[in-house]
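The values are calculated or read from the model by the stated rules, or taken from the named source; none is laboratory data. This is a predicted model, so every value here is computed, not measured. Virtual Cβ from ideal backbone geometry, glycine too; neighbours counted across all protein chains shown. To get the accessible areas, we keep the full protein, side chains included, count just its heavy atoms, and leave off ligands, DNA and RNA. Shrake-Rupley method; radii C 1.70, N 1.55, O 1.52, S 1.80 Å.
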Amino acid sequence: LRLFEEHLRRCQARAERIYHKFNCDLHLLVAKHTADSGDHLEAWPAELRKEWERRKALTASPQDSGLLWTQEMLQGWDKWTDGDFFLHEVQTDHMSIKNSKLMRDIVFKELAGWCGMSY
């Protein structure tokens, strides 16, 4: 955990963000149940709320958030591509998103197009 914290501090200290620039369309699929988890803190048990508070020091999001990425940060992914950027909010959680029909349709459509096939 200490190594992760140090890496995060070094990344945040850089004036210029480092990332790969895609030369294609970029689809970002967000699991809404996970992304919205901070909206329901009052219903959480006390121990989970304490854990949420401790997360705030470790995430790249603003200091008042325990989310890994805020909505504004997700929108920032449009800078990662020269192509079109698509943000898809999927009504599922992080662990189940791979089973989402929307996710499968996007992935197989893009792969099929890349291979010269239709989907």
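Here the contact order of the chain, divided by its residue count and restricted to Cα pairs under 8 Å and six or more residues apart, works out to 33 percent.
Computed over protein heavy atoms with a 1.4 Å probe, the carbon and sulfur contribution to the accessible area of the chain reaches 57%. Its DSSP H runs of at least 4 residues, each contributing -39,500 (n - 2.57), put the calculated 222 nm mean residue ellipticity of the chain at -10500 deg cm²/dmol, to the nearest 500. Electrostatic bookkeeping for D93 treats Lys and Arg as +1 and Asp and Glu as -1; over the other residues with beta carbon under 13 Å from its beta carbon, the sum is 0. Between L28 and N99, the modelled label-to-label distance comes to 2.6 nm, taking each label 7 Å out from Cα in the direction of the beta carbon. Take the chain with all the other protein chains still there, run a 1.4 Å probe, and you get 78 Å² of accessible area per residue. Each label was represented as a point 7 Å from its Cα along the Cα-to-Cβ direction; for L87 and E51 these points are 2.7 nm apart. The Cα atoms of the chain give a gyration tensor whose axes a ≥ b ≥ c have a/c of 1.5 or more with a/b no greater than b/c, which makes the shape oblate. Taken about its Cα centre, the chain carries a charge dipole of about 420 debye when Lys and Arg each add +1 at the Cβ and Asp and Glu each add -1 at the Cβ. Of E53, E89, E42, the residue with the greatest mean-square motion in the GNM of the chain, using alpha carbon springs below 10 Å, is E42.
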